[in-house]
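Novice: One structure, pasted below without further comment.
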Amino acid sequence: MRSRRTLVLFLLLGLFRTLHSQPAAAPPKLAVIIVVDQMRADYIDRFQRDWSRGLKRLITEGAWFRNAAYPYLGTVTCPGHATISTGAFPHVHGIPANQWWDRKAGRQMVCTEDPSVTNLGYDGPGQEHNSGYRLEVPTFADVMRTERGAHVVTLSVKSRSAIMLAGHGGDAVTWMSEPLDTWLTSTAFARALVPEVKTFIAANPVDADFGKSWTRLLPASRYRDPDDDQFERPPPGWTQAFPHAFNGTAGKPDASFRVQWDISPFADAYTGRMAAALVETMRLGRHDTTDVLGVSFSATDRVGHKFGPRSQEIQDQLARLDRTIGDLLDRLDAAVGKNQYVVALSADHGVTPIPEQLQRAQLDAGRVNTNDIVARVESKLGPALGPGAHVAKLDGRDMNLYFLPGVYQKLVASPALLADVVEAIESVRGVRRVYRAEQLRSVPAAGDAWLRAAALSYVEGRSGDMVISVRPQWISSAEAATHQSATSDDQRVPILLMGTGIKPGRYDQSVTPADIAPTLAKICGLTLPNAEGGPLTAALR
Ligand SMILES: [Zn+2]
């Protein structure tokens, strides 16, 4: 009797142990990161009634975080993608901007530039040199690849987007050259062209879209803003109004055609089809472990820069992206299995509306004159330090001010002159604050949110000697609209999660895109050692 009881006890104990050693749910077969370049958080509120496919499905079947924002200053593409992929902010992942002044080389350095690698061209000659080596921490994809043997595929028209989603390796990392004349990978990722990518591109030449036209998808009455606004800045060959034909400026599929195609939903549709094809041909989601797919759709950013966020073009772009993402999810359902994968969608930054449109509405808005800033700084430094130039670079795209070698050290040694220079910059219209490098080397735990934002974007050796923060609704660019500020226009983005391990619903807590990678890692049973964000546990099963 006694031995039989003992046996039963042992069996129960064994069963209990077995149940507890199993993961809560089977891990996903595929983890998908989708980035919509320049998607403002409020686009969901403004446009969701236009949607019926992919974006609609993510909102209704997934977890929608309505209060997500980047807490840092440099709200542009390269740092945004790096934050999504690593779970860290620029001061940790090392990417403060899309490009920065390289003090040693005496020139602008692109965030993915790597002279030690060679780019390989799929449908044109290899050109440029790109890798993720300037990214100083591993991505989610890197950790999945090195610890779990995941197959990693990332793609985007933009090199910085495809590369930052992958990180330091991957099976197929694909992007287009800067002049848009060929698809590329580099020797950082592959010894030779990836056959599956080569096959897709050969069967789907971009030039097949030449002569087509971008027309409005929705009934005319559905568009909220006028089509033909004088402050929109379309590319050569297009007017401010629909339709936008892909005819280039010379009636042939040349560089001007590629520019038009790049500023249209056709570029996203192409990217989505390539992503689906690579999932199928590279058998993502059909290996022993969780694979990783990263797709960054660039067209919303291109359209937003030219036509602004309050345009029929941006509304139509999002309506068409809803279809593109719907098609991609349908093909993931077929290839991987419905609910067998997890998707996270977010954006790398938002966008500030066209300043002239805001001025028309009597709002405080405008364009910061960077030439004026440099002139005022030089006028202070000339009498004190001698004639000639003292400023090495101020680029409106990042608003980091770099002095020529030795100049900033002299300024720091002369507090009155330094204060004079700061005051001169802060007196320029549209400038909110100027920060000096030594103020940004550590991140304050609380208090001044603008200082904290600038410190989170500060990378020693790459960031400027001074960092200029602009006022809300002010931009420093010749584009119709742009982003790069620490304002809610540029910082707020959506976060949508759907699939394996995700509890659907609407969530109002304040979160950041640095929470995405830790959330995916937790679903896959991993932790990311360098992440500053944390798992979005409220939305986990
Ligand atoms: Zn942009």
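Novice: Among the residues that make up region 274-287, is at least one of them over 13 Å from S213 (Cα atoms) and under 18 Å from the mean Cα position of the chain (by Cα)?
Specialist: yes
Novice: Evaluate region 295-305: report whether one residue or more is more than 16 Å from the ligand (Cβ to nearest atom) and under 22 Å from W64 (Cβ atoms).
Specialist: Yes, region 295-305 has at least one match.
Novice: Taking L456 as the residue in question, decide whether it is under 20 Å from E61 (Cα atoms), away from the ligand (no atom under 16 Å from the Cβ) and hydrophobic (A, V, I, L, M, F, W, C).
Specialist: no
Novice: Out of curiosity, is G62 touching a Pro at 6+ places or on another chain (Cβ under 6 Å), modelled with pLDDT of 95 or more, more than 25 Å from H305 (Cβ to Cβ) and not polar (S, T, N, Q)?
Specialist: yes
Novice: Among the residues of region 377-396 satisfying the criterion of being closer than 18 Å to A105 by Cβ and in contact (Cβ under 8 Å) with a residue 24 or more places away in the chain, which is nearest to the chain's Cα centre (by Cα)?
Specialist: Among them, the one singled out is D395.
Novice: Only one residue in D171, D228 is in the same structural domain as M109 (by TED's automatic domain parsing), within 26 Å of H287 (Cα to Cα) and of a type in the set (D, E), so which one is that?
Specialist: On inspection, the qualifying residue turns out to be D171.
Novice: If a residue counts only when it is under 30 Å from S85 (Cα atoms) and not assigned by TED's automatic domain parsing to the domain that holds R286, which strands (runs of 3 or more DSSP E) contained entirely in region 322-424 have at least 3 such residues?
Specialist: Here the list reads 400-403.
Novice: Further question on the same structure: Quick check on L321: is it touching a Phe, Trp or Tyr at 6+ places or on another chain (Cβ under 9 Å), within 16 Å of the ligand (Cβ to nearest atom) and of a type outside the set (S, T, N, Q)?
Specialist: Taking the combined requirement at face value, the residue satisfies it.
Novice: A follow-up question, please. Take the residues of region 476-485 that are more than 11 Å from the ligand (Cβ to nearest atom) and under 20 Å from the mean Cα position of the chain (by Cα): which is surrounded by the most Cβ atoms within 10 Å (Cβ to Cβ)?
Specialist: Here the answer is S485.
Novice: Next question, about the same structure. Considering only residues that are acidic (D, E) and away from the ligand (no atom under 16 Å from the Cβ), look in region 348-396 and name the one that is nearest to S427 (Cα to Cα).
Specialist: Result: D372.
The values are calculated or read from the model by the stated rules, or taken from the named source; none is laboratory data. Predicted model only: the values in this text are computed from it and were never measured. Here the Cβ is made from the backbone with ideal geometry for all residues, glycine too, and neighbour counts use every protein chain on show.
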